[in-house]
Structure formats: C-alpha cells, structure tokens
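What follows is a single structure, written as structure tokens, with notes after it.
The values are calculated or read from the model by the stated rules, or taken from the named source; none is laboratory data. Quantities reported herein were computed from a predicted structural model and do not represent experimental measurements. We place every Cβ from the backbone using ideal geometry, glycine too, and count neighbours over all the protein chains shown. Heads up: the accessible areas ignore ligands, DNA and RNA and are worked out on the full protein's heavy atoms, side chains in. Shrake-Rupley method; radii C 1.70, N 1.55, O 1.52, S 1.80 Å.
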Amino acid sequence: METSFRRKATAVTFAVLALTLAGGGIAVAQPSAKAPQAAVKPTARGTNSQPPVTAESVRSAKAALNAGGVSTMAASVSITVVNSNGTKARGAGTVIKYGTGQYEVQYGFTVTSAVLVATIGRGDACCIPPAGEISVAPRLLTPNGVFVQTRNSAGSPTDLGFHLVVHTA
C-alpha cells in the first residue's frame, strides 16, 4: 500500500513539475514589448468614399420607388446576386456599376434602416468564389440604394461577384 502511494505521489509530482515548466515556457515565449505603431498600421486601402450620385442614378432610384409601391409586410427580405461585370444574375433590384469594384443596387423600397449583408459569391452554381473583401453601406442621397465595394485580398479595388441580402423590419 505504501509503495503504491509513493508511486502515485511521485507521478503527481512529476506532472506538476512538467505543467509548471510548460506554463513558464509559454510565458517566456510571449512577446514582452509591443511592436512600434508604424509596423502595425494597415496598408492603404484606397478611398473609402462613394462615387458621386449621377443624374441617371437619381432617375432610376425614383422610378424604382414609384414602381415598388408601399409594402404592408412588417418585415421583408430581398436577395440580389450580382456578377462581377455588374449584371444582375438573379433576385430583386436594379444594379448600377460605377467603376472597378463599385456597385449600387436599387430597390423599390427604402433601405435606410435595413440590415445589409453582403458576401463575395458567384452568380452560377459552379466553383468557389475568389478570395477578397466586400463592404456594404446605404447609398448616399439615395434612400432605396445600397452601395457595395469589392476588393482583392491585397485591398485593391477589384470586380468581384457578390450576394446581397437586405432585411427590412
């Protein structure tokens, strides 16, 4: 009995010693000084502003609002799938392409208080979409418009297809 107890005590002692050394090794491996601020600044991502609203965009937005009518639903969800060239693959809305990686999607209802969700995606049922980044925001001066900007993984504006979900409550 005493031999069994000594073996267990020895095993526990070695386990505690091993964990202590491992924990100390982890603490030593952590960096002790912060990197200089210049080293952690993100790379320039270009402009974060939307392009100016064109007269054609205003006419299109007003026509979409007039055609959309008033919804009696408490909440609605609209889905739009856009190809990288700015053409609508399927779903609701009208798509306007402004420049490289800059799109506007207009709906027949106001989206200023809607939840906007976008992800990079393809319009067809093939393949995995390319890697990249996407940003979505209400379109300035257009209450029924959503502005979408796509970039490659390096942060440069790039034409990428995307899926957009607009949830109004």
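How far, in nm, would the chain grow between VAL77 and THR110 when pulled straight, counting 0.36 nm per residue and subtracting the alpha carbon separation? Please report the intermediate quantities before stating the final value.
Working: separation 33, 0.36 × 33 = 11.88 nm, distance 1.24 nm.
Roughly 10.6 nm would be gained on extension.
Nonpolar atom fraction for segment 48-160, defined as the carbon and sulfur part of the 1.4 Å probe accessible area, stands at 59 percent.
So for each of 111-118, 79-86 I average, over its residues, the number of other beta carbons within 10 Å; can you give me the resulting order with the highest mean first?
Most protected by this proxy first, the peptides run 79-86, 111-118.
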